[in-house]
Amino acid sequence: MKSLHEREGKFQNDTIQLSLTQIMESAKEGLLALAVQTGLQVFQAMMQEEVTQLAGPKGKHNPNRKAVRHGVEQGSVVLGGRKVRVEKPRVRSVEGEELHLEVYQVFQDPSLLTDAALERMIHGLSTRNYEQGLGADRCGWESKFHQQKYDQPSLCGRNREKAGRAPGRRLDDRRYPALMIDGVVMADHTVVVALGVDEEGKKHILGLWEGATENAPVCKSFLMDLVDRGLSTDRGILVIIDGSKALRSAIRDVLGKQAVVQRCQVHKLRNVLDHLPERERGWVERKIKEAWRQPDADKAHRALKRLANQLDEVHPGAAASLREGMEETLTVIRLGLSELLQTTLRSTNAIESAFKTVRDVSRNVKRWRNGQQVLRWSAAGLLEAETRFRRIKGYRQLPLLKQALEQHIDSEPKENKPITA
């Protein structure tokens with residue numbers, strides 16, 4: 001007959017072997033399933049520890065205890081981005097009042113679920129197919145998504161909360177020597193986006209608004225918002241814009257002459273070519289790009305003027321478009337920036353690239369209801385894009401931009417000051 005010590009050793013070995021077997025079975029269902037099962041075991045242990053703190057050790061008489069165990073009941077908590085059924089211990093005070101377990105309440109927070117859902121939807125999973133994103137479901141839990149649709153109002157609330165982060169940011173914690181502003185059409189609404197480049201060459205979404213850059217009150221309003229939140233122009237700022245006259249006027253009124261404007265060369269080229277027949281566009285595009293590659297701004301200006309004169313007789317619309325704001329398409333050359341830095345700061349392409357992420361994030365939205373919904377999804381997508389931003393090309397030459405801007409400020413009359421908050 002085996003001794004008690006031998007029987008205990010065998011029991012422990014069998015328990016260890018059983019645990020290893022369960023772990024291996026769980027691993028077959030995927031790492032997420034393993035993590036959730038492990039999390040459930042830890043969660044149960046945490047609840048039992050809290051019960052012990054409230055009611056004392058189980059099976060030991062304590063006449064001074066203030067609470068007693070009162071069985072278990074079915075409940076659910078959020079683990080691994082899903083609702084999982086658990087057995088919740090019940091505890092009552094000696095007076096008969098039900099006591100709530102703090103651990104259980106923490107893991108019931110619905111924001112844990114809506115955050116996970118929003119993150120999956122941002123990466124392309126629709127609410128219709130949300131069950132497919134839950135992974136393996138064979139470890140003893142039951143997903144609530146198999147029984148009811150996802151709570152859309154909760155998701156909208158979390159999306160709205162995430163959308164609020166970009167517009168409310170303070171901007172006085174760093175200097176932005178460059179600012180890009182562009183309007184992008186999204187679901188029949190125009191969203192105006194401001195993107196700042198800091199002194200280290202990092203890009204930041206500074207804000208977004210619903211409305212067109214051709215709308216003067218809208219332009220003035222969002223520029224005032226940037227100033228109110230701490231955007232500084234005291235040492236100069238390079239503002240890259242799409243070419244809107246209303247936006248240009250608002251920059252003059254709100255930011256003053258401390259703001260040096262660069263017209264987006266991509267927008268300018270597109271506008272000029274739109275006035276030409278297909279057969280004429282190739283050589284005109286080549287001439288314009290050759291002028292913009294000139295290292296000397298005066299030579300580039302003369303080359304563009306010659307081209308405008310050449311187009312005057314046959315294509316006067318294209319000539320007029322080329323002349324409009326011509327000088328400001330050469331600002332990055334006139335500031336003496338390196339060719340690499342000019343590549344980034346000659347256009348608003350960085351905003352267009354960020355909006356590719358917005359369109360990816362919102363591609364499962366089938367019905368756009370209003371401008372607020374467009375703004376919420378745009379903000380969520382832009383914040384997602386911001387996590388993937390890299391430093392701009394030529395960021396090591398940013399001190400040259402700062403120096404050129406300060407020289408520009410010193411050369412301006414002292415009375416030309418921007419509107420301040």
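Remarks
- Surface listing: PHE43, PHE107 arranged by accessible area from highest to lowest gives PHE107, PHE43, probe 1.4 Å.
- Length available on full extension from ASN64 to ALA246: 0.36 nm per residue minus the Cα-Cα distance, which gives 57.8 nm.
- Selected from SER362, ILE240, ALA318, residue furthest toward positive end of dipole (the range 237-392; charges at beta carbon): SER362
- Dipole magnitude (debye, nearest 20) for the range 268-372, charges at Cβ of Lys, Arg, Asp, Glu: 560 debye
- Highest mean packing first, where packing is the average number of other Cβ atoms within 10 Å per residue, the peptides 197-204, 263-270 line up as 263-270, 197-204.
- For the pair ALA45 and SER221 in one chain, pulling the backbone fully straight at 0.36 nm per residue adds 57.8 nm over the alpha carbon distance.
- What the Cβ-Cβ distance of VAL72 and ASN364 gives, at R0 = 35 Å and to the nearest 0.05, is a FRET efficiency of 0.30.
- When all protein chains stay in place and ligands, DNA and RNA are ignored, the 1.4 Å accessible-area order of HIS61, HIS70, largest first, is HIS61, HIS70.
- Inter-centroid distance (Cα atoms) of the range 287-331 relative to the range 232-256, Å: 22 Å
- Rounded to the nearest 10 square angstrom, SER249 shows an accessible area of 40 square angstrom against a 1.4 Å probe.
The values are calculated or read from the model by the stated rules, or taken from the named source; none is laboratory data. Values in this document were obtained by computation on a predicted structure and should not be read as measured data. Neighbour counts are summed over all protein chains in view; Cβ atoms, including those assigned to glycine, are modelled from backbone coordinates with ideal geometry. These accessible areas exclude ligands, DNA and RNA; they are computed on the full protein's heavy atoms, side chains included. Shrake-Rupley method; radii C 1.70, N 1.55, O 1.52, S 1.80 Å.
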